[in-house]
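In what follows, a structure is listed as structure tokens, so that the remarks can point back to it.
Just so it is clear, none of the values below were taken in a lab; they were calculated from the coordinates. Every value quoted in this text rests on a predicted model; they were computed, and no experiment measured them. When we count neighbours, we look across all protein chains shown, and the Cβ atoms used for this are built from the backbone with ideal geometry, even at glycine.
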Amino acid sequence: MSEDGPDLVVVGAGGGLVAALRAAERGLDVLVVEASEHFKRGNNTAMSTAMIPGAGSRWQREAGIEDSPQQFVDDVMRKTKGTADQRLALALSNVSAPLVEWLSDHLRVRLDLMTDFSYPGHSRSRCHTVEGRQGGALLDHLVRSVADEPKIDMLIPARLTDVSVDEDGAVIGVSVTMQDGSMEFIPTRAVLLATNGYGANVEFVSDYVPEIASARYHGSEYSTGDALIIGVRLGADSAFLDAYQGHAALSKKATTLVGWATVMHGGVNLDLEGRRFGDETTGYSEYAALLAARPQSEGWIVIDRHIYDKCLAFNDFRQTVDSGAAAWADSAEGLARVTGLPESAVLEELAALESYARRSATDPYGRTSFEHELVAPYAAVRIVPALFHTQGGLVVDQSARVLKPNGQPIDGVYASGGAAMGISGHGAAGYLAGNGLLSALGLAYLAADAAADSV
Ligand SMILES: Cc1cc2nc3c(=O)[nH]c(=O)nc-3n(C[C@H](O)[C@H](O)[C@H](O)COP(=O)(O)OP(=O)(O)OC[C@H]3O[C@@H](n4cnc5c(N)ncnc54)[C@H](O)[C@@H]3O)c2cc1C
């Protein structure tokens, strides 16, 4: 590394590692600064289900699935009711297939296209994932690739506290706080803020996303909004701060993810009065606030053996049931008994579900997709709503450059993932599965290319 410091400082060893690896491939010297010694298990990339969209990927072509970046953008705009930033959605859709192919070809990440069920809002099967469907495996792979790359150094634990600019507003270096409390200044011309959003910042959450403030936060403890605070101090614009990904399927007992595959394969949510309360297939993110508004803000996911077996493909689900969070029952009456829900309500709901699945009645909530009739034995997992991550942040352009309110970039400052504004529009309902990681990995990839182009 030269006396002038690294060509690029990547702050945050989650999706940011993609920027480090791409920048190194493009010939840059990179320093990764990471605040947490436990990032490999504690950050959001590690906690994720590792679903990465790739519109028009070779896996889709091989499976005979026709898709395109424009098709993906159309899905994003439909799910966000036209409120997402279309320019950014297109940039991310365009990079999505090259990104998953690069992960596979350049980094040798073993990816598969997930075709066994559809996530709400995606008109095509386009989520690619690793074996076990858990982000820890993806992150481990990125960390190993970084360790093998001589052009990348890592500084851990070290927390970014400031970014310095010269009189023209161009980056000249970053300040980090070391574990012993000492400060270090690292000269550089480019910095990528990849520190995630503000989900762990209680004050920001109650200010920007009050509807989910009472839910359990299930994300990185280091997502304290540092990029937002530092970026705004530098004069950056911010947007979509009310956007977040919630989840209505966190096991109360195991505090692990039950997963929405349960619902998409035919499972249902019951509240503590034993009643369904909406069309579960609209999306797990918006369902979190619905669940939070039910009595005691809790409920149950009810599935059967067939769904249970299908969901074992997810390590998260496996861990949840291995921890004993699933209660089994041989009958509807037994289901009421093991869950403690009112028997009459449970019997009524199960009978109604049978008629919807057989198409002899219509679901009053408008749900049309019931893969099959739920049949005993039933399994039920007690669930609480959760906030996974926030989706608003610093305004960026198609190259992940951080912009000021006048639309001009702050020279040398980039943002990705939860640190940047996302493509989920406002609130929770615009979130499409995979768009958290797409923003994290995709903007990181684009930032690395932009940084390499400007050296
Ligand atoms: C349970 C769960 C499941 C999910 N599943 C999916 C999924 O399947 N698909 C999908 O697209 N999205 C999913 N998401 C969302 C996805 O995980 C995030 O959108 C994405 O991982 C964010 O990546 P990131 O790089 O912005 O943040 P992170 O991966 O959290 O990385 C940020 C890093 O920055 C570090 N850091 C923070 N502040 C500082 C600082 N000041 N200085 C230095 N370092 C700092 C943190 O310690 C952390 O390691 C899921 C989220 C959760 C919680």
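About its Cα centre, the range 246-387 has a charge dipole of approximately 240 debye under the convention of +1 per Lys or Arg Cβ and -1 per Asp or Glu Cβ, with nothing else charged. Report the one residue of V346, T362, L290 whose Cα lies farthest in the direction of the positive end of the charge dipole of the range 246-387 (charges on C-beta: Lys and Arg +1, Asp and Glu -1; origin at the Cα centre). Most positive-ward Cα: L290. Work through the residues other than T80 whose Cβ is under 14 Å from its Cβ and net out their charges, Lys, Arg +1 and Asp, Glu -1. Net of charged neighbours comes to -1.
Stokes-Einstein at 37 °C, 0.692 mPa s, Kirkwood radius from Cα pairs: D for the range 350-455 in µm² s⁻¹? Rounded, D is 189 µm²/s. Shape analysis of the range 18-82 yields a ratio of the Cα radius of gyration to the Kirkwood radius, Rg/Rh, of 1.11. By the beta-carbon count within 10 Å of each Cβ, the least crowded to most crowded order of R216, R41, fewest first, is R41, R216. Stretching E167 away from S182 to a fully extended chain increases their span by 2.8 nm, per 0.36 nm per residue minus the current alpha-carbon distance. Each Lys and Arg contributes +1 and each Asp and Glu -1, all at the Cβ; summed about the Cα centre of the chain, the dipole is approximately 900 debye.
Just need log10 I(q)/I(0) for the range 26-169 at q = 0.10, 0.12, 0.16, 0.19 Å⁻¹, Debye formula, equal scatterers on the alpha-carbon atoms, no solvent, rounded to two decimals. Per q value, in the given order, log10 I(q)/I(0) is -0.45, -0.64, -1.01, -1.19.
Pair-distance distribution P(r) for the range 331-411, from all Cα-Cα distances in 5 Å bins starting at 0: 3, 11, 15, 12, 12, 8, 5, 5, 6, 8, 9, 6, 2 percent. Counting only the Cα atoms, the range 176-277 fills a convex hull of 171 Å³ per residue. One decimal place: the segment H306-L155 gains 49.6 nm when fully extended, by the rule 0.36 nm per residue minus the C-alpha distance. Take the Cβ atoms of V202 and S68, set R0 to 51 Å, and the FRET efficiency comes out at 0.80. P(r) for the range 246-387, from all Cα pairs and a bin width of 10 Å, is 13, 48, 36, 3 %, short bins first. Between A147 and S297, the FRET efficiency from the beta-carbon distance, with R0 = 51 Å, is close to 0.75.
Listed by chain and number, the lysines whose alpha-carbon sits under 27 Å from that of K404, ignoring those within fewer than 8 places in the same chain, are K81. Relative to the longest principal axis of the Cα atoms of the chain, the long axis of helix 135-147 makes an angle of roughly 20 degrees. Run the helix sum for the chain: -39,500 (n - 2.57) per DSSP H stretch of 4+ residues, divided by residue count, reported at 222 nm to the nearest 500 deg cm²/dmol. Dividing the helical sum by the residues of the chain leaves -9000 deg cm²/dmol. Of the peptides 114-126, 363-375, 10-22, the ranking by mean beta-carbon count within 10 Å, highest at the top, reads 10-22, 114-126, 363-375.
The share of C-alpha pairs in the chain whose separation exceeds 40 Å stands at 19 percent.
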